[in-house]
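J.: Have a look at this one.
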């Protein structure tokens, strides 16, 4: 529309959403008005200004003004002055949205510069925590605790802003070992702590860990053989596949800072049950250089079938009690050092109450004085 005052192009790309046009629903009445007016021949209908003047200040296109009038009447805004105010209000809203998008773009740059690509305005130290619900998350802190299975006393605890439990098993286990001053320790954890390097660190520290593994694989989901169906022979350093063929060592590589050995059988292309095993030419088996440690742990876990029950009735009791004390908001403090202090007070109060229930208040005071 040359020689007319033009507004923001609805198809102009922005940050969120991709264009301004995406703010309007497909079935919004304003789209009907837009199409209706665009199909009119305003010059034939006698609209003044349908052809722009060659000189002077550019005017608004009569189609734009007609769209505003029709939309106004659809919404019971017939007064031209009220329409002007509504249009001005809408313009202010658009400017506000554009300012917000510029701010989001700047925040996007700031997030990209942070190590974990996260920014929290409420608490700069808080981070998104993984939850059991898919696609959900809670911004806060991750509390790690080690609880005595016999008396339900908190042996040690740690507050972090790491989003998951994976990667924290060895740290809390070694802290527990140091606090108890013992060389023998059995640590039970849920499957969220399962990580090969962490289990290896515990093994090297003489900590007997029992952590179940999540058996999730693409092959298993497709109804094909899982890695557990392949038997490893440590003496020959090879696998025996479900078809009875030998899957021998082929090469060694490094993946995610871990040394991984690869195995497969030359009989794969001609295997009669290949469809039950792989969609590729060969079924490749990956083995971590310290996988024997994980296999030994799984065998220990099989000998303790009630390990999961013991863990639940030990740790969940403590967390349930603390959460009921803390209320729905949980932490009242902000910043990691302050939250650590707050959690320390909660643990201290919990342990004192447990000790009073175990020994009794008067005997406990005698023990303290002694």
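The values are calculated or read from the model by the stated rules, or taken from the named source; none is laboratory data. Just so it is clear, the structure is predicted and the values come from calculations on it, not from any experiment. For neighbour counting, all protein chains shown are included, and Cβ atoms are generated from backbone atoms with ideal geometry for every residue, glycine included.
J.: Scan segment 247-268 for residues that are in contact with a strand residue (DSSP E or B) (Cβ under 6 Å, 6 or more places away or on another chain) and within 19 Å of residue 225 (Cα to Cα) and jot them down.
T.: Within segment 247-268, 247, 248, 262, 263, 264, 265 meet the criteria.
J.: Looking only at segment 340-366, which residues are in contact (Cβ under 8 Å) with a residue 24 or more places away in the chain and either in contact with a helix residue (DSSP H, G or I) (Cβ under 7 Å, 6 or more places away or on another chain) or surrounded by fewer than 12 Cβ atoms within 10 Å (Cβ to Cβ) (or both)?
T.: Residues satisfying the conditions are 346, 350, 355.
J.: Let me ask something else. Exactly one of (1) more than 26 Å from residue 343 (Cα to Cα); (2) in a helix (DSSP H, G or I); (3) not assigned by TED's automatic domain parsing to the domain that holds residue 254 is unmet by residue 208. Its number?
T.: (2)
Matching residues to (1) under 31 Å from the mean Cα position of the chain (by Cα); (2) farther than 21 Å from residue 188 by Cβ; (3) loosely packed, with under 11 Cβ neighbours inside 10 Å:
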{"position": "247", "(1), (2), (3)": "no, yes, no"}
{"position": "250", "(1), (2), (3)": "no, yes, no"}
{"position": "303", "(1), (2), (3)": "no, no, yes"}
{"position": "312", "(1), (2), (3)": "yes, no, no"}
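J.: Just one of 340, 299 is assigned to a helix (DSSP H, G or I) and over 16 Å from residue 212 (Cβ atoms); which is it? Break it down stepwise before answering.
T.: Numbers: 299 fails: over 16 Å from residue 212 (Cβ atoms).
Among 340, 299, only 340 is assigned to a helix (DSSP H, G or I) and over 16 Å from residue 212 (Cβ atoms).
J.: Could you check residue 323 against (1) free of Cβ contacts under 8 Å to residues at least 40 places away in the same chain; (2) part of a helix (DSSP H, G or I); (3) surrounded by 15 or more Cβ atoms within 10 Å (Cβ to Cβ) and say which number it fails?
T.: Going through (1) free of Cβ contacts under 8 Å to residues at least 40 places away in the same chain; (2) part of a helix (DSSP H, G or I); (3) surrounded by 15 or more Cβ atoms within 10 Å (Cβ to Cβ) one by one, residue 323 breaks only (3).
J.: Restricting to segment 187-210, what's the tally of residues that are over 22 Å from the mean Cα position of the chain (by Cα) and at negative phi? Can you show your working first?
T.: Step one: of segment 187-210, the residues over 22 Å from the mean Cα position of the chain (by Cα) are 187-188, 199-210.
Narrowing further to those that are at negative phi: 187-188, 199-205, 207-210.
Residues in segment 187-210 being over 22 Å from the mean Cα position of the chain (by Cα) and at negative phi: 13 in total.
J.: A follow-up question, please. Could you check residue 177 against (1) in the same structural domain as residue 156 (by TED's automatic domain parsing); (2) loosely packed, with under 14 Cβ neighbours inside 10 Å and say which number it fails?
T.: (2)
J.: Might you let me know whether segment 46-56 holds any residue that is more than 38 Å from the chain's Cα centre (by Cα) and at pLDDT 85 or above?
T.: So far as segment 46-56 goes, no, none of its residues is more than 38 Å from the chain's Cα centre (by Cα) and at pLDDT 85 or above.
J.: How about segment 46-62: which of its residues are under 23 Å from residue 29 (Cα atoms) and free of Cβ contacts under 8 Å to residues at least 60 places away in the same chain?
T.: Residues satisfying the conditions are 60, 62.
J.: Still on this model: Count, please, the residues in segment 73-90 that happen to be under 47 Å from the mean Cα position of the chain (by Cα) and either farther than 16 Å from residue 30 by Cα or not assigned by TED's automatic domain parsing to the domain that holds residue 30 (or both).
T.: Residues that pass the stated criteria total 4.
J.: Quick one: count up the residues across segment 155-186 that are over 26 Å from the mean Cα position of the chain (by Cα) and either closer than 28 Å to residue 116 by Cβ or assigned to a loop (DSSP other than H, G, I, E, B) (or both).
T.: Looking only at segment 155-186, we keep the residues that are over 26 Å from the mean Cα position of the chain (by Cα), and these are 155-156, 174-186.
Filter again for either closer than 28 Å to residue 116 by Cβ or assigned to a loop (DSSP other than H, G, I, E, B) (or both), leaving 156, 174-176, 181-184.
Summing the residues that are over 26 Å from the mean Cα position of the chain (by Cα) and either closer than 28 Å to residue 116 by Cβ or assigned to a loop (DSSP other than H, G, I, E, B) (or both) in segment 155-186 gives 8.
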